[in-house]
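Undergrad: Questions regarding the structure given below will be posed in turn.
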Amino acid sequence: MSAQKGKDLLLKLDETGSGSFETVAGLRSHTLAFNAETVDVTHVESAGAWRELLQGAGVKSASIRGAGIFKDARSDAAARRLFFDGKICRWQVIIPDFGVVEGPLQISSLEFTGQHNSELAYEFALESAGALSFQEAA
């Protein structure tokens with residue numbers, strides 16, 4: 001895979017559950033992290049006292065962070081509404097030449113920052129709220 005433009009990483013929201021995803025406007029940075037807890041099953045007879053893990057037993061999760069500026073009143077309002085309502089919606093993260101991650105996510109934090117000589121910016125974090133799917137890029 002060759003180098004990709006960071007701006008091509010897209011975050012999309014299906015607020016209504018209709019299957020129609022809309023790009024969250026104004027984002028300048030995105031981060032997607034996958035996590036898998038491990039389950040330690042090491043015991044007295046473990047070879048050489050090396051740790052042993054139980055395959056596939058830990059909890060999986062994903063976290064997404066986004067930061068940007070207010071640009072599109074509709075997607076800005078949706079992010080605020082989803083946070084204050086605590087609503088879980090379907091989201092997509094489109095990773096160029098890699099694929100699409102899709103599933104239920106909840107906004108877990110929403111932050112606003114501003115300086116007197118700069119634009120108002122925001123950051124938010126999403127946490128997985130169920131099984132996520134992955135579809136490889138064609």
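Undergrad: For segment 118-138, what are the residues that are modelled with pLDDT under 90, loosely packed, with under 12 Cβ neighbours inside 10 Å and not small (Gly, Ala, Ser)?
TA: LEU120
Undergrad: While we're looking at this one, here's another question. Filter segment 64-94 down to the residues that are farther than 15 Å from PHE21 by Cα and among the β-branched types (Val, Ile, Thr), then identify the one that is modelled with the highest pLDDT.
TA: Ranking the candidates gives ILE64 first.
Undergrad: Would you please name the residue that is surrounded by the most Cβ atoms within 10 Å (Cβ to Cβ), looking only at residues in segment 53-76 that are without any contact (Cβ under 8 Å) to a residue 40 or more places away in the chain and either over 28 Å from LEU13 (Cβ atoms) or acidic (Asp, Glu) (or both)?
TA: So, considering only residues that are without any contact (Cβ under 8 Å) to a residue 40 or more places away in the chain and either over 28 Å from LEU13 (Cβ atoms) or acidic (Asp, Glu) (or both), the one surrounded by the most Cβ atoms within 10 Å (Cβ to Cβ) is GLY58.
Undergrad: Let me ask something additional. Across segment 95-117, what is the total count of residues that are more than 10 Å from the chain's Cα centre (by Cα), small (Gly, Ala, Ser) and at pLDDT 90 or above?
TA: The qualifying residues number 3.
Undergrad: Further question: Considering only residues of segment 1-52 that are surrounded by fewer than 10 Cβ atoms within 10 Å (Cβ to Cβ) and polar (S, T, N, Q), which is nearest to the chain's Cα centre (by Cα)?
TA: Top of the filtered list is SER18.
Undergrad: Still on this structure, please answer the following. With respect to ARG80, determine if the residue is within 30 Å of ALA3 (Cα to Cα), of a type in the set (Lys, Arg) and touching a residue at least 12 places away in the same chain (Cβ under 8 Å).
TA: Details: within 30 Å of ALA3 (Cα to Cα): no; of a type in the set (Lys, Arg): yes; touching a residue at least 12 places away in the same chain (Cβ under 8 Å): yes.
Judged against the criteria, ARG80 is not a match.
Undergrad: Any residue at all in segment 23-43 that is of a type in the set (Ser, Thr, Tyr), more than 26 Å from ALA137 (Cβ to Cβ) and part of a loop (DSSP other than H, G, I, E, B)?
TA: Initial filter on segment 23-43 (of a type in the set (Ser, Thr, Tyr)): 23, 29, 31, 38, 42.
With more than 26 Å from ALA137 (Cβ to Cβ) added as a condition, the list becomes 38, 42.
Checking the rest, the ones that are also part of a loop (DSSP other than H, G, I, E, B) come to 38, 42.
Looking for residues that are of a type in the set (Ser, Thr, Tyr), more than 26 Å from ALA137 (Cβ to Cβ) and part of a loop (DSSP other than H, G, I, E, B), one finds at least one in segment 23-43, hence yes.
Undergrad: I'm trying to understand the selection: among the residues of segment 43-91, which are over 18 Å from GLN106 (Cα atoms) and in contact with a helix residue (DSSP H, G or I) (Cβ under 8 Å, 6 or more places away or on another chain)?
TA: Scanning segment 43-91 gives a single hit, PHE70.
Undergrad: Still on this model: Please indicate, with yes or no, whether at least one residue in segment 93-107 is exposed (fewer than 12 other Cβ atoms within 10 Å of the Cβ) and among the β-branched types (Val, Ile, Thr).
TA: Within segment 93-107 (the criterion being exposed (fewer than 12 other Cβ atoms within 10 Å of the Cβ) and among the β-branched types (Val, Ile, Thr)), the answer is no, since none of the residues qualifies.
The values are calculated or read from the model by the stated rules, or taken from the named source; none is laboratory data. Keep in mind it's a predicted model, so treat the numbers as computed, not measured. Glycine also receives a Cβ, built like all others from the backbone with ideal geometry; neighbour counts cover every protein chain displayed.
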